[in-house]
Structures are given as C-alpha cells and as structure tokens.
Ligand code: ASP
C-alpha cells in the first residue's frame, strides 16, 4: 500500500494502533522474485528502475541497492550525491555512504571519501571484504584504491561555479552555525523474505571539512533487519543523527508497527526536542519484510518525494507530513 495521509492514518490506526493489527491495511504479498524498492526523491525513480533490472537478472537485494544508488552517484546533475555533488567549504567533494544487508545483519560504510565517485560500492566492499564496518577519510580512499577504484576529479564545472559563487559572496553563510543545501539517495528494499538498505550523499554543500552526519552511520541514515524491515533517512543529518532515526523505525516495526506508524513514531520522538520543526527538513522512508511501506516528512514546508517500484512499475509520490 501507499503511505496514507496523517489524518487518514490517525483515523484508521489511531489510538488502537499500537495495541492490535485489526485497523491495519491488508498486507501486499512480497513475491520472492518481485522485490519492492523504495527510494528518496525523484532521482529514486531511475535508481529503482536499475535496481529492479539487477534483481530481474538474479541479483541480490544488496546488488540491486548498490547498482541502483550508483545511477544517482554517476549523475552530474544531482548536486547532493556522488559525482557533481557540491563540495565542502574548501572546494573538495567529500562523500558519505552506507549499506546494510538485513539477512546477515552486516553493514559497511565510508565517510569523508574523496575522489571516488561511487562511495556506496566502496561501502559494500568494506562490509564484504573486511571485518570493519566504517572507514573514513584517507584510509577509506586507500582502501578504495586497493579494491581497484580509480581516483578522479569529482568537482564538475557546475559545482565549481556554485562553490565560487558562495565563496565570493560577502558574509556568506557558514556551517559554524547553520546551513541549507543537501539531499541524499536513500533506498530500502524487500524481497524473497529479506530486506536491505543503502544511503549515499555529498552531505551539506560548503560543510566544514570532515563533517559527517547521518547518511553513512548505521542506524541513522539506514538500517535493515530481516526480523522486521528497513529504513532510511534524508534531511538535516546534523540533527537527525541524534535520534538514530532508521534504527528507531526498524525497532518499532519489530514491535509490530506498520512502517507508516513507525515513521510517525519517530517524528513524534523527534518533535519533543528537534529544532525548527515547521521549517527544517526531516524525512524518512521504511519498508517491512512483507513489503508494506511508509514515508513521512516532518512538515509541509519540506515535503518528501519518494519513488516506489512495485509489481514491475515505478511511480513518484509525495509523502504525507507529520505536523
Ligand atoms: N542527511 C544528509 C546529510 O545531512 C543530507 C540529506 O539527506 O539531505 O548529510
């Protein structure tokens, strides 16, 4: 099913929602071969399409998520992910990504990775080729090179121009206090009784060098557990990290909540203390092992678009908002 608006959700799931499953919509069957992919933003459409192709050719959910996210990382027109991503305050593109296999309960991630355009693929190799989970900075770059990745210039002419414009603006905004340009490709998938999740970003444009937020951190930008489901987050990662958003949502699904309910529970938790609730961007997506989905933004001012691939078809939707 699609996410429902908050009013309908409260009416159907409302007070009784935590107590029983009776009010919940019927469960869509997740055919073993027919994986469902749910991704953030409009570029999630292409990512899902690629993921579905990989799956159709016998790939695992992790293969599908990696290759799907690669499509967005490779696109120079997406200025918040991979090649073409806007750089840090020093003009250097610094990438973060993470991936998790809900079946093995293993994750891999890279933080502050320079010069490699597909951080999600490096993250996957951290997961599969090492006993580590997270690698950062120069060590992550050396690992990527050892794994055969070719260093390259990730700053496109467009991103360079945008950075110079920011740099040359008198009294430009800096991230000692606040900032704005950011997005992510987050993807969750369910199929064959398993789930997986991945997330990739260039983080905040003009960030302080070395800044790492939620996207590459297990339990924050993404989380997957076959016992329950998978989740991913997008938005102000400096704030969202403090709520372990994806783990929170998966935990609530494990306790029996529908993914939409679990997303709402996270927003309720954040709303107690997160700043600028009506203006800041806080968004999440979730899928459970039965391929029921959830998607929610905190407020109407920063709506979440999400791409859903189900039954061989893709569609773009706007998620309901919590407040
Ligand atoms: N969460 C990402 C970050 O803060 C950006 C985003 O998803 O919009 O780096």
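Taking the range 248-303, how much of its Cα-Cα pair set, in percent, is spaced more than 12 angstrom apart? The share of Cα pairs beyond 12 Å in the range 248-303 comes to 61 percent. Of all DSSP beta bridges confined to the chain, the antiparallel ones make up roughly 90%. Taking the C-alpha atoms only, the angle from helix 137-146 to the longest principal axis of the chain is near 90 degrees.
What number do you get for the range 97-139 when its Cα radius of gyration is normalised by 2.2 N^0.38 Å, N = residues? Kindly include the intermediate steps, with their values, before the conclusion.
Details: Rg = 9.7 Å, N = 43, 2.2 N^0.38 = 9.2 Å.
Dividing the Cα radius of gyration by 2.2 N^0.38 Å gives 1.06.
Can you give the calculated 222 nm mean residue ellipticity of the chain, where each DSSP H run of n ≥ 4 adds -39,500 (n - 2.57) and the sum is split over every residue, rounded to the nearest 500 deg cm²/dmol?
-8500 deg cm²/dmol
Can you give the angle from 0 to 90° between the axis of helix 245-254 and the longest principal axis of the chain, with both taken from C-alpha atoms, to the nearest 10? Rounded to the nearest ten degrees, it is 20. So in the range 34-160, what percent of DSSP beta bridges are antiparallel if you round to the nearest 5? Around 65 percent of the beta bridges assigned by DSSP in the range 34-160 are antiparallel ones. Here the ratio of the Cα radius of gyration of the chain to 2.2 N^0.38 Å is 0.94.
The simple spin-label model puts a point 7 Å past each Cα toward its Cβ; for residue 161 and residue 315 those points are separated by 3.7 nm. For the range 217-271, the alpha carbon convex hull comes to 62 Å³ per residue, rounded to a whole number. Computed from the Cα positions only, the extents of the range 169-323 along the three principal axes stand at 54, 30, 26 Å, in decreasing order. Working ranking of peptides 183-191, 305-313, 164-172 by packing, defined as the average number of other Cβ atoms within 10 Å per residue, highest first, is 183-191, 305-313, 164-172. Taking Cα atoms, how many degrees apart are the long axis of helix 119-129 and the longest axis of the chain, rounded to 10 and kept between 0 and 90? The angle comes out at about 70 degrees.
When restricted to Cα atoms, the range 25-153 yields an Rg and a Dmax of 15.4, 51 Å, respectively.
Across the range 100-182, C-alpha contacts under 8 Å between residues 6 or more apart give a mean separation that, scaled by the residue count, equals a relative contact order of 25 percent. Taking a point 7 angstrom from the Cα of residue 273 along the C-beta vector, which residues in the range 238-267 have backbone N less than 12 Å away? What the label zone holds, given the 12 Å backbone N cut-off, is 242-244. Of the peptides 193-203, 142-152, 284-294, the order by per-residue mean of other Cβ atoms within 10 Å, starting with the highest, comes out as 193-203, 284-294, 142-152.
Full extension of the chain segment joining residue 168 with residue 133 gains 8.7 nm, where the gain is 0.36 nm per residue of separation less the Cα-Cα distance. Per residue, the average separation of C-alpha pairs within less than 8 Å and at least 6 apart gives the chain a relative contact order of 22 percent.
I'd like the antiparallel share, as a percent to the nearest 5, of DSSP beta bridges with both residues in the range 182-323. Around 95 percent of the beta bridges assigned by DSSP in the range 182-323 are antiparallel ones.
Every number here is computed from the coordinates shown, using simple stated rules; none is lab data. Just so you know, these numbers come straight off a predicted model, no measurement behind them. Ideal geometry is used to build each Cβ from the backbone, glycine not excepted, and the neighbour counts take in all protein chains shown.
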